[in-house]
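The values are calculated or read from the model by the stated rules, or taken from the named source; none is laboratory data. All values reported here derive from a predicted model rather than from experimental measurement. Don't worry about glycine lacking a Cβ; one is built from the backbone with ideal geometry, like all the others, and counts go over all protein chains shown.
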Amino acid sequence: MNVRNPGIANFGVTIIQSRHSVRKFKEEEIPPEFIRKVLECASKAPTGRNKQPWIFVVIKNKDTLKKLAEFAPTGQFIEGAAVGFLVFGQADWKFTVEDCSAATENLLLAIHAYGYGGCWIAGNQMPYADAVRELAAIPETYKLVSIVAAGVPDVGGITLTEKISLDKLVFFEKYS
Ligand SMILES: Cc1cc2nc3c(=O)[nH]c(=O)nc-3n(C[C@H](O)[C@H](O)[C@H](O)COP(=O)(O)O)c2cc1C
């Protein structure tokens, strides 16, 4: 296949296609330089009017990770993560959810690209969103959009989640 920039395209596509949620982690740290790098990637996401409405909170403290696990019933595995990332967006910005979701996906892709594993834990509109915000001492002018648990995967190999076939999802010109 002809692509404009084969080097970048092939690498990018491989990372995107092999990304998968990881919910079990080894008791190993993620070095600070990688934490910075994945956050840099998060902050490169596109945003409406280039608003960049986000702030990111890095949680490494085990007690705080445990508290997050208690708050989020569907994210209890964060207790075993090396790092929890909290993604907050300006509460009064109309595209906060879209912008912070784009940053969250960038974050997950970068975590995977560096050989770590991660999983998105619901934040936006969840009953525990304010409790998480208060835990991190974030003012009400921000709202929680997502939580990401990350660490060294404690799973053998890669298990990709089954996805719906493109044939069922894509229409050319009109729905048919
Ligand atoms: C908005 C959103 C919220 C999610 N919340 C959770 C969650 O609370 N707990 C969880 O285990 N996974 C959560 N996930 C991860 C999805 O379950 C996962 O992405 C999906 O099953 C597809 O698997 P994959 O990531 O391996 O492709 C969430 C993903 C998104 C995008």
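Can you run down the residue pairs with Cβ atoms below 8 Å, 6 or more apart or on separate chains, where the first is in the range 111-139 and under 15 Å from Phe88 (Cβ atoms) and the partner is near the ligand (Cβ under 10 Å from one of its atoms) and assigned to a loop (DSSP other than H, G, I, E, B)?
Filtered contacts from the range 111-139: Ile121/Ala72; Ala122/Ala72; Met126/Ala72; Tyr128/Ala72; Ala129/Gly123; Val132/Ala72; Val132/Gly123.
Under the condition of being more than 14 Å from the ligand (Cβ to nearest atom) and not in a helix (DSSP H, G or I), which residue from the range 59-72 is farthest from Ala150 (Cα to Cα)?
Filtering first and then ranking leaves Asn61.
Out of Glu79, Glu33, report the one residue that is within 15 Å of the ligand (Cβ to nearest atom), surrounded by fewer than 21 Cβ atoms within 10 Å (Cβ to Cβ), part of a helix (DSSP H, G or I) and at pLDDT 95 or above.
Glu79
If I filter the range 103-112 for residues that are in a loop (DSSP other than H, G, I, E, B), touching a Phe, Trp or Tyr at 6+ places or on another chain (Cβ under 7 Å) and surrounded by 18 or more Cβ atoms within 10 Å (Cβ to Cβ), do I get at least one hit?
No, the conditions are met nowhere in the range 103-112.
Output the residue which, of all residues in the range 62-104 that are among the hydroxyl-bearing types (Ser, Thr, Tyr) and more than 14 Å from the chain's Cα centre (by Cα), is nearest to Val22 (Cα to Cα).
Thr74
Just for the range 101-119: of the residues that are touching a strand residue (DSSP E or B) at 6+ places or on another chain (Cβ under 6 Å) and of a type outside the set (A, V, I, L, M), which one is farthest from the ligand (Cβ to nearest atom)?
Among those residues, the one meeting the criterion is Tyr116.
Does at least one position in the range 123-138 carry a residue that is within 16 Å of the ligand (Cβ to nearest atom), outside any loop (DSSP other than H, G, I, E, B), closer than 20 Å to Leu65 by Cβ and not aliphatic (A, V, I, L, M)?
To start, the set of residues in the range 123-138 that are within 16 Å of the ligand (Cβ to nearest atom) comprises 123-129, 131-132.
Remaining after also requiring outside any loop (DSSP other than H, G, I, E, B): 129, 131-132.
This time we only want the ones that are closer than 20 Å to Leu65 by Cβ, so: 129, 131-132.
This time we only want the ones that are not aliphatic (A, V, I, L, M), so: none.
Within the range 123-138, not a single residue is within 16 Å of the ligand (Cβ to nearest atom), outside any loop (DSSP other than H, G, I, E, B), closer than 20 Å to Leu65 by Cβ and not aliphatic (A, V, I, L, M).
Residues are listed down the side, and each one gets a yes or a no for (1) among the small types (Gly, Ala, Ser); (2) part of a helix (DSSP H, G or I); (3) within 16 Å of the ligand (Cβ to nearest atom):
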| residue | (1), (2), (3) |
| --- | --- |
| Val57 | no, no, no |
| Thr74 | no, yes, yes |
| Leu86 | no, no, yes |
| Asp92 | no, no, no |
| Val97 | no, yes, yes |
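Among the candidates Ile55, Ile59, single out the residue that is touching a helix residue (DSSP H, G or I) at 6+ places or on another chain (Cβ under 8 Å) and at pLDDT 95 or above.
That would be Ile59, the only listed residue that is touching a helix residue (DSSP H, G or I) at 6+ places or on another chain (Cβ under 8 Å) and at pLDDT 95 or above.
Does Leu160 satisfy the condition of being within 15 Å of the ligand (Cβ to nearest atom), under 25 Å from Gly12 (Cα atoms) and in a helix (DSSP H, G or I)?
No, not satisfied.
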